[in-house]
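Right, one structure below, let's go through it.
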Amino acid sequence: MKRARPSLIFGSAGIALIAFSAIVRANPILVWNASASVPIGFYAVQPLDTPKVGDLAVLEPPSPLGDWLLEHGYIGADVPLIKHVVALPGQRVCRVGVTVRIDGETVATAKERDRFDRPLPVWQGCQRLTNDQVFFLNPDTEASLDGRYFGPLPRDTILGRAVPIWTRDG
């Protein structure tokens, strides 16, 4: 009878852990970036409590953006994006036509179609970022699918800071 008790305890603990992992989605600790938006390679995901302009962030696109990216084949299911933080709360972000500006300075130009000649999303107008918004952009990559197409995103889409471990660029 005494032998059954440890088995029961460990069995129950195992079931509880499986149930917990099915309910709670843990943030990744390592991601593979296959997109040319940032150097292709492995990135560690570290905590990012207070994002700053220039941070390289790992983010989970919110619905409906994530659904659109998946449906159009830009990312796989549960694949995070890696983008630079370029504007924070209080900054003014605009897209007029294909020109993207932050606080009046041109930072990027949007394309109308992707490399497969499919139309890209368009947001237009100007807005001052609220306390829960961040603007992501990979300004050095003209073809990056980023804020120039989907605008500002909620701050809580950030899963952490992307730290290169190994990339093709060295």
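Observations on the model:
- Calculated over region 28-167: convex hull of Cα atoms, volume per residue (Å³): 99 Å³
- Phi-based couplings in Hz for region 57-72 (Karplus 6.51, -1.76, 1.60; Gly and Pro marked x): 10, 9, 9, 9, x, x, 6, x, 4, x, 5, 4, 4, 5, 4, 8
- A simple count of charges around P62, restricted to other residues whose Cβ falls under 13 Å of its Cβ and scoring Lys, Arg +1 and Asp, Glu -1, yields -3.
- Remark on G160: its backbone amide H falls under 5 Å from those of V58, a criterion applied only to residues 5 or more positions apart or on other chains, H modelled at 1.01 Å from N.
- The loop-placed chymotrypsin sites (Phe, Trp or Tyr not before Pro) in region 28-78, going by DSSP, include none that has at most 12 neighbouring Cβ atoms within 10 Å of its Cβ.
Readers should treat all values here as calculations from the given coordinates under stated rules, not as data from a laboratory. Small disclaimer: the values here were computed from a predicted structure and weren't measured. No Cβ is skipped: glycine too gets one built from the backbone with ideal geometry, and neighbour counts run over all protein chains shown.
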